[in-house]
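J.: Have a look at this one before I ask anything.
The values are calculated or read from the model by the stated rules, or taken from the named source; none is laboratory data. Predicted model only: the values in this text are computed from it and were never measured. Using ideal geometry, Cβ is built from the backbone for each residue, glycine included, and neighbour counts are taken over all protein chains shown.
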Amino acid sequence: MAKLTDQAKKLLDGKNFACVATLMPKGSPQVTPVWVDRAGDIVVINATVTRQKYRNLKRDPRVALSVFDMANPYSKVLIRGKVIEITDKGAEDHIDKLSMKYHGRKYDYHRADQPRAIIRIQPEHVTH
């Protein structure tokens, strides 16, 4: 288990996107930009259960994230870790929280046919 540095926390707390890399069933990488959050040293993302990243992480918890400062892309943090929890509890409220962070309003696209999940990631390696 790795602790997030102050710089990593600042980037995760800011209005910055994360690129999340997961592994496809045959081992090839899949990368997706996402909104990102944290709870202490745990990285938190949100996805619909119909997304490929969700299916990949349910099958294989290994994940890598790259977060860069939108104002200075040369300021970045790279995080490798493992998913420690995937839950639907509070996922709709969490996407509203992320939408407030990135857009200043609640999420506009809640759909009953696309339920959401919160994905919690334990960092194992943090690099700047």
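J.: Which count do you get for residues in region 53-87 that are free of Cβ contacts under 8 Å to residues at least 12 places away in the same chain and either among the small types (Gly, Ala, Ser) or touching a Leu at 6+ places or on another chain (Cβ under 7 Å) (or both)? Talk me through it step by step, then tell me what you get.
T.: Going residue by residue through region 53-87, those that are free of Cβ contacts under 8 Å to residues at least 12 places away in the same chain are 55, 71-74.
When the remaining residues are screened for being either among the small types (Gly, Ala, Ser) or touching a Leu at 6+ places or on another chain (Cβ under 7 Å) (or both), the result is 71.
Count: 1.
J.: Could you list, in sequence order, all residues of region 6-28 that are of a type in the set (S, T, N, Q), within 14 Å of PHE68 (Cα to Cα) and surrounded by fewer than 18 Cβ atoms within 10 Å (Cβ to Cβ)?
T.: Looking only at region 6-28, we keep the residues that are of a type in the set (S, T, N, Q), and these are 7, 16, 22, 28.
Within this subset, residues satisfying the condition of being within 14 Å of PHE68 (Cα to Cα) are 7, 16.
The answer is GLN7, and nothing else.
J.: Okay, next question. Go through (1) out of contact with any Gly (no Cβ under 6 Å at 6 or more places or on another chain); (2) over 22 Å from MET24 (Cβ atoms); (3) modelled with pLDDT of 95 or more; (4) not basic (Lys, Arg) for ALA117 and report which single condition fails.
T.: Exception for ALA117: condition (2).
J.: Of all residues being part of a loop (DSSP other than H, G, I, E, B) and surrounded by 12 or more Cβ atoms within 10 Å (Cβ to Cβ) in region 71-109, which is modelled with the highest pLDDT? Just the residue, please.
T.: Residues of region 71-109 that are part of a loop (DSSP other than H, G, I, E, B), as a first pass: 71, 88-90, 104-109.
With surrounded by 12 or more Cβ atoms within 10 Å (Cβ to Cβ) added as a condition, the list becomes 90, 106-107.
Working: GLY90: 97, LYS106: 94, TYR107: 90.
By that ranking, first place goes to GLY90.
J.: Additional query: Among the residues of region 53-63, are any under 14 Å from the mean Cα position of the chain (by Cα) and part of a strand (DSSP E or B)?
T.: yes
J.: Considering only region 33-62, state which residues are hydrophobic (A, V, I, L, M, F, W, C) and touching a Ser or Thr at 6+ places or on another chain (Cβ under 6 Å).
T.: Hit for region 33-62 is LEU57, nothing else.
J.: Still on this structure, I have one more. Look through region 10-20, keep the residues that are within 10 Å of the chain's Cα centre (by Cα) and not in a loop (DSSP other than H, G, I, E, B), and return whichever of them is nearest to ASP41 (Cα to Cα).
T.: Within region 10-20, the first condition is being within 10 Å of the chain's Cα centre (by Cα), and the residues that meet it are 12, 17-20.
This time we only want the ones that are not in a loop (DSSP other than H, G, I, E, B), so: 12, 18-20.
Details: LEU12: 10, ALA18: 16, CYS19: 18, VAL20: 17 Å.
Among residues in region 10-20 that are within 10 Å of the chain's Cα centre (by Cα) and not in a loop (DSSP other than H, G, I, E, B), the one nearest to ASP41 (Cα to Cα) is LEU12.
J.: Further question on the same structure: Does region 5-24 hold any residues that are touching a residue at least 60 places away in the same chain (Cβ under 8 Å) and of a type in the set (A, V, I, L, M, F, W, C), and which are they? Spell out the reasoning first.
T.: Here is the first cut: in region 5-24, the ones touching a residue at least 60 places away in the same chain (Cβ under 8 Å) are 5, 7-8, 11-12, 15.
ALA8, LEU11, LEU12, listed by residue number.
J.: Let me ask you something else. Taking only pairs six or more apart or across chains, which ones have beta-carbon atoms under 7 Å, a first residue in region 29-52 that is buried (at least 18 other Cβ atoms within 10 Å of the Cβ) and assigned to a loop (DSSP other than H, G, I, E, B), and a second residue that is among the small types (Gly, Ala, Ser) and modelled with pLDDT of 95 or more?
T.: These pairs meet every condition: VAL36/ALA18.
J.: Is there a residue being free of Cβ contacts under 8 Å to residues at least 60 places away in the same chain and surrounded by 12 or more Cβ atoms within 10 Å (Cβ to Cβ) anywhere in region 110-120?
T.: The answer is yes, given that some residue of region 110-120 is free of Cβ contacts under 8 Å to residues at least 60 places away in the same chain and surrounded by 12 or more Cβ atoms within 10 Å (Cβ to Cβ).
J.: Sticking with this structure for a sec: With the condition kept exactly as written, say whether any residue in region 28-51 is closer than 19 Å to ILE86 by Cβ and touching a His at 6+ places or on another chain (Cβ under 6 Å).
T.: yes
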